[in-house]
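**Student:** Input: one structure, supplied below.
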Amino acid sequence: MKTAFLFSGQGAQYPGMIKDLYETEPAVKAVFDSADKVLNRKISELCFSGTQEELNLTHNTQPCVLAADLAAGMCLKAHGIMPDAAAGFSLGEYAALAFAGSMSTDEAFRIIQIRADAMQEAVAPGEGAMAAFVGITPEQAEIICEQAGAYVVPANYNSPVQTVVSGTAKGVDRACEIAEAQGFRCVKLAVSAPFHCKLMEPAAMKLKEVFSSITFLKPAIPVYMNVNGRQPEETDNISDLLVKQAMSPVRWVQTLQKMREDGIDTFIECGPGRTLSGLVKKTLKDVTVLRVEDSKTLMNTLEAMKA
C-alpha cells in the first residue's frame, strides 16, 4: 500500500471547520497557533466562529483553509500516519509543500496571505467569473471556451466529467450559454476573482517577487504539482511552478493519474470538505479514499489504515 495526502483548496471552507480536532489534538492546535502568530490575527477564531460570508473572502479563505489542511495532515502524522507522497489543490499545494518540509509552516502562512491579497486585487469585483461545467469532457470544455468570443479558459481539470472555466464575466456567461445549449450543466461559482487564468498575472508577478528571497528545500516526500501533475525536477523549479500555478489551470486529473501510475493506491484528503475525495472516485478505479476533517473522520481513517 502506498499512501498520498491530498490537501483541500479554496471553496471547501465552512464555519467551525477542524474545531473539534483543535480542542483535542495538540498537533492541530500548534498549527493554528502558528497561523495566529505569523499573521497577527486570529485565524483560529475565523475558522471556528466566523460566518460563511467572512470565510468566503479570499483574504480570509486562503490562510484559513491552509491552516485547516496543515492541521489535518499534522494530526495524522502525530498518530503515526506518514504518506508516501502529497499533492494539494490550488492553495492546497502550499500545504503539501509545507507538510513535506519544502518550506516552513510560518513561511507558508506568510506567503499564502500575500497570495490571497494579490489574487483578490488582480481583477476588479464583477469583471471576472468562474463556472463549473458538469457532465463534460475536458476537450468539449476547451472547444466551448474557444467559441465564446470573449476571454474564458479551462481553469481546473477536476475530473474526466467536470471542468471549471475562468475568465472575464462576459466570457464565462457566454461559455455557459453555449454549454447549456448543448445539454451540459453549468454552475456559476461564488468566488471573488477569476483564478487560474491570465487575468491573475499581476498576482503571479507579486509571487515571483516574494519567492526571490525564499529558498525552497527538497521535499521529504514527493509532491505532485498542479501545473503539470508531476514532481519538480529541481528545488529551483518549485517557485517557478508556484508562479505559473496562479495563472495556469490546475491539472488535477493528470496529477491523480500520475500518482496512480507511480503506485499510490490510498488517498487521504486532509482539510475541510470532501471535494477532493469525490474527484478521486470519479477519476480513478480500485483505490481507497479516506479523509480527515473532524474527530469522526480521523477515527475512521486511523482504523482503516491499521486494518
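**Student:** Could you list, in sequence order, the residues of the range 126-152 that are in contact with a Ser or Thr (Cβ under 7 Å, 6 or more places away or on another chain) and either among the hydroxyl-bearing types (Ser, Thr, Tyr) or open to solvent by 40 Å² or more (accessible area, probe 1.4 Å) (or both)?
**Tutor:** Across the range 126-152, the qualifying residues are Glu127, Tyr151.
**Student:** Residue by residue through the range 12-66, note down the ones that are on the phi < 0 side of the Ramachandran plot, touching a residue at least 40 places away in the same chain (Cβ under 8 Å), not polar (S, T, N, Q) and not in a helix (DSSP H, G or I).
**Tutor:** Ala12, Tyr14, Pro15, Met17, Glu25, Leu57
**Student:** Condition check: surrounded by fewer than 15 Cβ atoms within 10 Å (Cβ to Cβ), over 21 Å from Gln162 (Cα atoms) and at pLDDT below 95. Does Glu303 satisfy that? Quick ask: steps written out before the conclusion?
**Tutor:** Working: surrounded by fewer than 15 Cβ atoms within 10 Å (Cβ to Cβ): yes; over 21 Å from Gln162 (Cα atoms): yes; at pLDDT below 95: no.
No.
**Student:** Assess whether Cys64 counts as being open to solvent by less than 10 Å² (accessible area, probe 1.4 Å), closer than 30 Å to Pro194 by Cβ and not polar (S, T, N, Q).
**Tutor:** Values: open to solvent by less than 10 Å² (accessible area, probe 1.4 Å): yes; closer than 30 Å to Pro194 by Cβ: yes; not polar (S, T, N, Q): yes.
Judged against the criteria, Cys64 is a match.
**Student:** Thr215: modelled with pLDDT under 95, more than 15 Å from the chain's Cα centre (by Cα) and β-branched (Val, Ile, Thr), yes or no? Walk me through it before giving the result.
**Tutor:** Numbers: modelled with pLDDT under 95: yes; more than 15 Å from the chain's Cα centre (by Cα): yes; β-branched (Val, Ile, Thr): yes.
Against the criterion (modelled with pLDDT under 95, more than 15 Å from the chain's Cα centre (by Cα) and β-branched (Val, Ile, Thr)), Thr215 qualifies.
**Student:** Oh, and also: Can you pull out every residue in the range 280-307 that is of a type in the set (S, T, N, Q) and under 19 Å from the mean Cα position of the chain (by Cα)?
**Tutor:** Thr283
**Student:** Here is a further query. Please verify whether the range 165-174 includes one or more residues that are in a loop (DSSP other than H, G, I, E, B) and of a type in the set (A, V, I, L, M). Steps first, please.
**Tutor:** Initial filter on the range 165-174 (in a loop (DSSP other than H, G, I, E, B)): none.
No, because not a single residue in the range 165-174 is in a loop (DSSP other than H, G, I, E, B) and of a type in the set (A, V, I, L, M).
The values are calculated or read from the model by the stated rules, or taken from the named source; none is laboratory data. Fair warning: this is a prediction, and the values are worked out from it, not measured in the lab. Virtual Cβ from ideal backbone geometry, glycine too; neighbours counted across all protein chains shown. Areas reflect the complete protein model, heavy atoms only, side chains present, ligands, DNA and RNA absent. Shrake-Rupley method; radii C 1.70, N 1.55, O 1.52, S 1.80 Å.
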